[in-house]
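Inspection log for the structure reproduced underneath, given as structure tokens.
The values are calculated or read from the model by the stated rules, or taken from the named source; none is laboratory data. Quick caveat, the model's predicted, so the values are computed rather than measured. Positions of Cβ are backbone-derived with ideal geometry, glycine not excepted, and every protein chain shown enters the neighbour counts.
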Amino acid sequence: MKNSFLRGALILGLLSAIGPFAIDMYLPALPSIGQSLGASIGAVQASLMAFFIALGVGQIIYGPLSDMVGRKPPLYAGLALFAIGSVGCALSPDVHALVAMRFVQGLGACACSVVPRAVVRDLHTGHDAVRLMSLLMLVFSVSPILAPLAGSLLIEWSGWRSAFWVMTASALMGLALVAWGMTETRPREQRIHSNWRQALAGYATLLRDRHFMGLVFIGAFGISSFFVYLANSSFVLIDHYGLSPRQYSIAFAANAASFIGMSQLTGRLGRRFGLLPVVKVAATGYALLMLLLLACYGLGVDRLELLLALLFGGYGFLGLVMPTTAVLALEEHGPIAGTASALMGTLQFLTGAVVMALVGLFVDGSALPMVTGIAISALLAFVLVRVTLGASRPSF
């Protein structure tokens, strides 16, 4: 049983990492892509935003589809589409083609985002679900910790296009994992009554569930704060602070390690204190650190070590918030877990894309716009925690 649990976490984690891998490996290349294609910072960031929008929009289709036809077929389709988009990115002659192919790539990657969450809910609830989600994130951590460093090395050796050929290879590896390593967790008898009409009814039910929506948007603003960092950190750390792509990848990996490391404590802390207190304390700590960071930069304290230290602590708190709110949101929606996971992912990624676009309007080459976007997102997540969970229904 234990080996099966760990094997499932490994496979689901590697599949979930494919989308972030396509982001994290690409980040150190953003400045060089702009130079190579003669594109502005905004145009290059649009390729990242297109990926996020596709990740959000596609999930609303993949989720119900996985309830209707099973979990594996949507993964096959998504991974094939991701491979096509990756090849298109590698061959893009200009930034417009790159943006279009990143959208295609994102449409494929979102299957690997929504389906594994539904599989977790198929297999477990409560603390076991939190434990599996945390282990999944541990495997998932391979991407944000190692992908930027691998990307920076590839850029130095072979140029930015080589990163997309590696992404193509990751899609083929994912197809092999689904075909030979993953069992179907949505039996045929559970799919009989699943259809698009039921999916629409499920979306309507979920949208009226204030508890579900509150948890979704706590995660949405949590992930938005990280998206703002993703979109701007390479320009801030490389262009503003003068780090090399390799140094940037190490700084990025440190924040990812903080996030992932703390996420591994969610199961243990949840069993000891309860999941709701864990979310409340973590969201409070995150908001306080990010507001402190904003206050320092607002007062003119522009120092790299301050930025890195407070982000390291803040993303540790965020690592406790994200998996816990995902489990709490899906807990009461097992029969439509795919649909609920899809709506959660869609709303969170689209929120992240909107916040990222708003922050992009104020980019001036300094760290202040990025820090402001992160701090406001953290504050909004904290407010939603107080509103949604302040007098919440009992939980495990």
Does the stretch 27-37 contain any residue that is in contact with a Pro (Cβ under 7 Å, 6 or more places away or on another chain) and either under 16 Å from residue 109 (Cβ atoms) or surrounded by fewer than 24 Cβ atoms within 10 Å (Cβ to Cβ) (or both)?
-> yes
Pairs under 9 Å by beta carbon, first residue without any contact (Cβ under 8 Å) to a residue 40 or more places away in the chain in the stretch 101-122, partner in a helix (DSSP H, G or I) and not hydroxyl-bearing (Ser, Thr, Tyr), six or more apart or different chains?
-> 101/50; 101/84; 101/85; 101/87; 101/88; 101/89; 101/90; 101/164
Residue match in the stretch 313-332 (condition: touching a residue at least 12 places away in the same chain (Cβ under 8 Å), in contact with a helix residue (DSSP H, G or I) (Cβ under 6 Å, 6 or more places away or on another chain) and either surrounded by fewer than 18 Cβ atoms within 10 Å (Cβ to Cβ) or outside any helix (DSSP H, G or I) (or both)) | no
Pairs under 7 Å by beta carbon, first residue at negative phi in the stretch 229-243, partner in a loop (DSSP other than H, G, I, E, B), six or more apart or different chains?
-> 232/363; 236/367; 237/243; 239/365; 240/365; 240/366; 240/367
Residue 155 vs (1) within 30 Å of residue 36 (Cα to Cα); (2) of a type outside the set (D, E, K, R); (3) within 19 Å of the chain's Cα centre (by Cα): all pass except (3)
Return yes when residue 158 is of a type in the set (S, T, N, Q), surrounded by fewer than 23 Cβ atoms within 10 Å (Cβ to Cβ) and at pLDDT 85 or above and no when it is not.
-> yes
Read through the list (1) of a type outside the set (Gly, Ala, Ser); (2) part of a helix (DSSP H, G or I); (3) touching a residue at least 24 places away in the same chain (Cβ under 8 Å), then give the number of the only condition that residue 305 fails.
-> (3)
Determine if the stretch 318-336 includes at least one residue that is farther than 16 Å from residue 218 by Cβ and either within 17 Å of the chain's Cα centre (by Cα) or among the hydroxyl-bearing types (Ser, Thr, Tyr) (or both).
-> no
Could you tell me whether residue 16 is polar (S, T, N, Q), part of a helix (DSSP H, G or I) and more than 23 Å from residue 228 (Cα to Cα)?
-> no
Got a sec? Which of 372, 388 is assigned to a helix (DSSP H, G or I), surrounded by fewer than 24 Cβ atoms within 10 Å (Cβ to Cβ), among the hydroxyl-bearing types (Ser, Thr, Tyr) and more than 21 Å from the chain's Cα centre (by Cα)?
-> 388
Do we have any residue at all in the stretch 147-158 that's touching a Leu at 6+ places or on another chain (Cβ under 8 Å), in a helix (DSSP H, G or I) and of a type outside the set (Ser, Thr, Tyr)?
-> yes
